[in-house]
1. Report the residue count in region 39-53 for those that are within 12 Å of Ile12 (Cα to Cα) and either open to solvent by 70 Å² or more (accessible area, probe 1.4 Å) or not in a helix (DSSP H, G or I) (or both).
2. Name every residue in region 2-20 that is surrounded by fewer than 16 Cβ atoms within 10 Å (Cβ to Cβ) and part of a loop (DSSP other than H, G, I, E, B), in order of residue number.
3. Can you pull out the residues in region 58-81 that are surrounded by 11 or more Cβ atoms within 10 Å (Cβ to Cβ), without any contact (Cβ under 8 Å) to a residue 60 or more places away in the chain and either in contact with a His (Cβ under 8 Å, 6 or more places away or on another chain) or farther than 22 Å from Arg18 by Cα (or both)?
4. Are any residues in region 54-65 in a helix (DSSP H, G or I) and either within 19 Å of Glu11 (Cα to Cα) or at pLDDT 90 or above (or both), and if so, which ones?
5. Phe54 is checked against (1) free of Cβ contacts under 8 Å to residues at least 60 places away in the same chain; (2) under 17 Å from Ser4 (Cβ atoms); (3) in contact with a Ser or Thr (Cβ under 9 Å, 6 or more places away or on another chain) and fails just one. What number does that condition carry?
Amino acid sequence: MSVSLDERLKEILIRNTRKTIEAEEITSETDLVDDLALDSILIVNLFADLEEEFNMTIHVQEITTPILSKYKLLQEYVLERMAIQAAQ
């Protein structure tokens, strides 16, 4: 059975937060900074992990507050970057 994008993303988020949280607690509305207590170092680690896990390039200027304000926006961003990488 393959692991879904959602499961992979949540696993990466859990690995990059200082909070003890279960994947089921991360919803589409979860604020990555406020709810998961991601600081600037954890955010850098998160995006490095995303690059490695999904074999994509993330440009620093694309890491903006809206992407971090809701889990669903991070999902959409990763899907968009994966599509761009696949097209290249």
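1. Quick first cut of region 39-53, residues within 12 Å of Ile12 (Cα to Cα) only: 42-43, 45-53.
Okay, now just the ones that are also either open to solvent by 70 Å² or more (accessible area, probe 1.4 Å) or not in a helix (DSSP H, G or I) (or both), so 52-53.
The number of residues fulfilling the criteria is 2.
2. Listed by number, the residues that qualify are Ser2, Val3, Ser4, Arg18, Lys19, Thr20.
3. Passing the criteria: Ile58, Glu62, Glu76, Tyr77, Glu80, Arg81.
4. Keep residues of region 54-65 that are in a helix (DSSP H, G or I), which gives 54, 60-62, 65.
Listed by number, the list holds a single entry, Phe54.
5. Condition (3) is where Phe54 drops out.
The values are calculated or read from the model by the stated rules, or taken from the named source; none is laboratory data. Bear in mind the structure is a predicted one, so any value in this text is a computation, not a measurement. For neighbour counting, all protein chains shown are included, and Cβ atoms are generated from backbone atoms with ideal geometry for every residue, glycine included. Please note that ligands, DNA and RNA were not included when accessible areas were found on the heavy atoms of the full protein model with its side chains. Shrake-Rupley method; radii C 1.70, N 1.55, O 1.52, S 1.80 Å.
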